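Trainee: Okay, here's the structure, questions in a sec.
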Amino acid sequence: MNMHIVCSSKQMTRLLHTILFFSAFVIYADSEPVQFCKKKCPVEVTKGVNGLEKVTLTQNKGSSVEVYMYGAHVTSWKNDQGEELLFLSNKAIFSPPKPIRGGIPIVFPQFSNLGPLPSHGFARNRLWVRDDYHHPDTVRVADGVFVDLLLKPTEEDLKIWPHRFEFRLRITLTPRGELIMASCVKNADTDGQPFTFTFAHHTYLSVSDISKVEVKGLAKLDYLDNLQNRTRQTENRDTITINSQFDNIYLSTPKKIEVLDPEKKRTIVIQKEGLPDVVVWNPGEEKAKTIEDLGEGEYKNFVAVEAAAIEKPVTLKPGEEWEGRLEFSTRRL
């Protein structure tokens, strides 16, 4: 028996439209990623400088955060008005294995030269991956947008630091524009050996002029002066101001530090847990001239205020975890 399929002109037109639509979709999908968000995606993965992958977090009111997978490096944090709150050098090098100058580099597993590794360890110049594992951060942010990242040692890393670890990092942007960084480091060694590390978020805060900025919350504390062979001294000022090269490690600090910028009429508030120390750093005019990836005069436009664990290194037995939490917010003066 012969069967005939008869299509009306309207049916044929619909069929052709359907074929053309899916053909166009396949061609487009094969050439570049397709975005399905009707509005701007709250979490968007794109290519950044030199083709390095980056994740952008955005909130409805306009605040945003940019994170490069290289180093799990936050390079931008903007408020609702689009004002940049972090400093990023115009000469920053986005080319592995060079670290990126500015933003928030992650210093792990060694701060500065306090150990056998290259200065500031290797986490800041490794490629991290997105992590589908449930992050241990127990503080939930309603309507916060976030990305979970993971770093594990490569075989090359194990040759210079023979310890297996899992470093999980959740970066969250809240509806009010606060930036939260929650870290969890686990000793994943199976040979029963503990390991010890030091850590810092080497945060470069954008300021109008370093000489006009005030750092509050560190009065009467002991500190190690890195410009004087880490001699231990006591801060006798209520408010820290910087007019030349400055490099102090403040010890056993309070949970809240404030950076006041009268010209920008704002205060950046830093709140932290599990990070007892704070480094305050600026290279000053002369030292800045020796830093190849720092533009001329750029030292005036940032202060590094680094939440850290330095004086008392963290020791983890196999299976143990350490958590650190850092939150940035702003308020108007």
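The values are calculated or read from the model by the stated rules, or taken from the named source; none is laboratory data. The shown structure was predicted, so the numbers you read here are calculated from the model rather than taken from an experiment. Reconstructed Cβ throughout: ideal geometry from the backbone, glycine too, with neighbour counts over all protein chains shown. We work out accessible area using only protein heavy atoms, side chains counted, and drop any ligands, DNA or RNA first. Shrake-Rupley method; radii C 1.70, N 1.55, O 1.52, S 1.80 Å.
Trainee: Kindly check whether there is at least one residue in the stretch 59-81 that is touching a helix residue (DSSP H, G or I) at 6+ places or on another chain (Cβ under 9 Å), crowded, with 17+ Cβ neighbours inside 10 Å and not in a strand (DSSP E or B).
Mentor: yes
Trainee: Here is a follow-up. Of the residues that make up the stretch 276-287, is at least one assigned to a loop (DSSP other than H, G, I, E, B) and surrounded by fewer than 17 Cβ atoms within 10 Å (Cβ to Cβ)?
Mentor: No: the stretch 276-287 contains no residue that is assigned to a loop (DSSP other than H, G, I, E, B) and surrounded by fewer than 17 Cβ atoms within 10 Å (Cβ to Cβ).
Trainee: Further question on the same structure: Only residues in the stretch 161-178 that are closer than 16 Å to residue 72 by Cα and without any contact (Cβ under 8 Å) to a residue 24 or more places away in the chain count as the first member; pair them with residues that are basic (Lys, Arg) and part of a strand (DSSP E or B), Cβ under 6 angstrom, at least 6 apart or cross-chain, and list the lot.
Mentor: 166/186
Trainee: Against the conditions (1) assigned to a loop (DSSP other than H, G, I, E, B); (2) within 25 Å of residue 317 (Cβ to Cβ), where does residue 184 fall short? Just the number, please.
Mentor: Against the list (1) assigned to a loop (DSSP other than H, G, I, E, B); (2) within 25 Å of residue 317 (Cβ to Cβ), residue 184 comes up short only on (1).
Trainee: Residue 294 - would you say it is part of a loop (DSSP other than H, G, I, E, B) and under 21 Å from the mean Cα position of the chain (by Cα)?
Mentor: yes
Trainee: Among (1) hydroxyl-bearing (Ser, Thr, Tyr); (2) in contact (Cβ under 8 Å) with a residue 60 or more places away in the chain; (3) closer than 21 Å to residue 200 by Cα, there is one condition residue 250 misses while meeting the rest; what is its number?
Mentor: The number of the failed condition is (2).
Trainee: Follow-up. If you check every pair at least six apart or on different chains, which have Cβ atoms under 8 Å apart with a residue in the stretch 45-71 that is farther than 18 Å from residue 130 by Cβ first and a residue that is acidic (Asp, Glu) and part of a loop (DSSP other than H, G, I, E, B) second?
Mentor: These pairs meet every condition: 59/80; 61/80; 62/80; 63/80.
Trainee: Next question. For residues in the stretch 236-260 being within 22 Å of the chain's Cα centre (by Cα) and among the charged types (D, E, K, R), which is most open to solvent (accessible area, probe 1.4 Å)?
Mentor: By that ranking, first place goes to 255.
Trainee: Right, residue 98: on the phi < 0 side of the Ramachandran plot and surrounded by fewer than 18 Cβ atoms within 10 Å (Cβ to Cβ) or not?
Mentor: Taking the combined requirement at face value, the residue satisfies it.
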